[in-house]
Amino acid sequence: MNETGSTRKQILLMLKTNGPLTVSEMAEQLGVTEMAVRRHLNTLERDGLIGSKLLRQAMGRPTSQYFLTDKSEDYFPKSYHTFTLDLLNDLEQSHGSSIINQLFNSREKRMTETYRPEFEGKDLRERVKTLAELQDAKGYMVEWEELEDGSFKLIEFNCPISRVAHRYNQACSCEINWFQNLLDAEVERTECKAKGGQNCVYYIRAKNEVRQKL
């Protein structure tokens, strides 16, 4: 991480551990100027990660005190996968594996219905771009490209659900199914992080092109 990113991370960590702080308090702890702190705070506030409130003092002018917003919680480590795995395991033990299939089938249907409006009226290239942006915003670190034959390659360098998917393969099936539903295309996954791959790699081709090759 570069120095700028490191400083912003330190500011978030200070606010997480110490609670609301003023610019001068942060500058003193970081060993930098107040101007430097304000520059980082402007960016963090613009991104919705921090907020500010006016702190009235016994003497002198009021000053701003900065605090973390709910959005900032996404930047701190969580053990959601452990909680999720425990819940799924409890359900499986109590109701059998069929309940797990039902849960992932319901998730697939919900994801398709939720995002379908964002894909309607677009050609395949635009749909792939929309999917890439959607997954990237969810933390999958996505890159995509159009290949010479008109098909597309989409790579996810991160998989937030990899630990769940490693235990429950239904998660991977659910993912590729709602990709196909929203893209209205043939989607082939050639590499999967949950199965030991370096990344999740998808090849996407229009349905009519697949039929012509058969």
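Within the stretch 143-170, which residues are within 19 Å of the chain's Cα centre (by Cα) and buried (at least 21 other Cβ atoms within 10 Å of the Cβ)? Spell out the reasoning first.
Here is the first cut: in the stretch 143-170, the residues within 19 Å of the chain's Cα centre (by Cα) are 143-144, 154-166.
Within the stretch 143-170, Leu154, Glu156, Cys159, Ala165 qualify.
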Exactly one condition in (1) charged (D, E, K, R); (2) modelled with pLDDT of 95 or more; (3) in a helix (DSSP H, G or I) is false for Glu108; which is it?
(2)
Sole exception among (1) at positive phi; (2) modelled with pLDDT of 95 or more for Phe152, by number
(1)
Residue by residue through the stretch 6-54, note down the ones that are outside any helix (DSSP H, G or I) and not small (Gly, Ala, Ser).
Pro20, Leu21, Thr22, Val32, Thr33, Asp47, Leu49, Ile50, Lys53, Leu54
Which count do you get for residues in the stretch 75-93 that are out of contact with any helix residue (DSSP H, G or I) (no Cβ under 7 Å at 6 or more places or on another chain), among the polar types (S, T, N, Q) and modelled with pLDDT of 80 or more?
3
Residue in the stretch 85-93 that is in contact with a Cys (Cβ under 8 Å, 6 or more places away or on another chain) and within 30 Å of Tyr168 (Cβ to Cβ) present
no
For the stretch 140-157, name all the residues that are in contact with an Asp or Glu (Cβ under 8 Å, 6 or more places away or on another chain) and either aliphatic (A, V, I, L, M) or within 22 Å of Ala171 (Cα to Cα) (or both).
Tyr140, Met141, Val142, Lys153, Leu154, Ile155, Phe157
Among the numbered criteria (1) at pLDDT below 95; (2) at positive phi, which single criterion is violated by Ser162?
(2)
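Would you confirm, using the coordinates I've provided, whether Ser72 is at pLDDT 90 or above, part of a helix (DSSP H, G or I) and out of contact with any Ser or Thr (no Cβ under 7 Å at 6 or more places or on another chain)? Talk me through it step by step, then tell me what you get.
Numbers: at pLDDT 90 or above: no; part of a helix (DSSP H, G or I): yes; out of contact with any Ser or Thr (no Cβ under 7 Å at 6 or more places or on another chain): yes.
Here the answer is no, as Ser72 does not meet what is asked.
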Which members of the stretch 22-56 meet the condition of being touching a residue at least 40 places away in the same chain (Cβ under 8 Å), within 20 Å of Asp70 (Cα to Cα) and in contact with a helix residue (DSSP H, G or I) (Cβ under 6 Å, 6 or more places away or on another chain)?
none
Note on the stretch 171-206: residues surrounded by fewer than 19 Cβ atoms within 10 Å (Cβ to Cβ), part of a strand (DSSP E or B) and either under 16 Å from the mean Cα position of the chain (by Cα) or not acidic (Asp, Glu) (or both) are Arg189, Thr190, Val201, Tyr203, Ala206
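The values are calculated or read from the model by the stated rules, or taken from the named source; none is laboratory data. Not measured: the values here are computed from a predicted model. Glycine also receives a Cβ, built like all others from the backbone with ideal geometry; neighbour counts cover every protein chain displayed.
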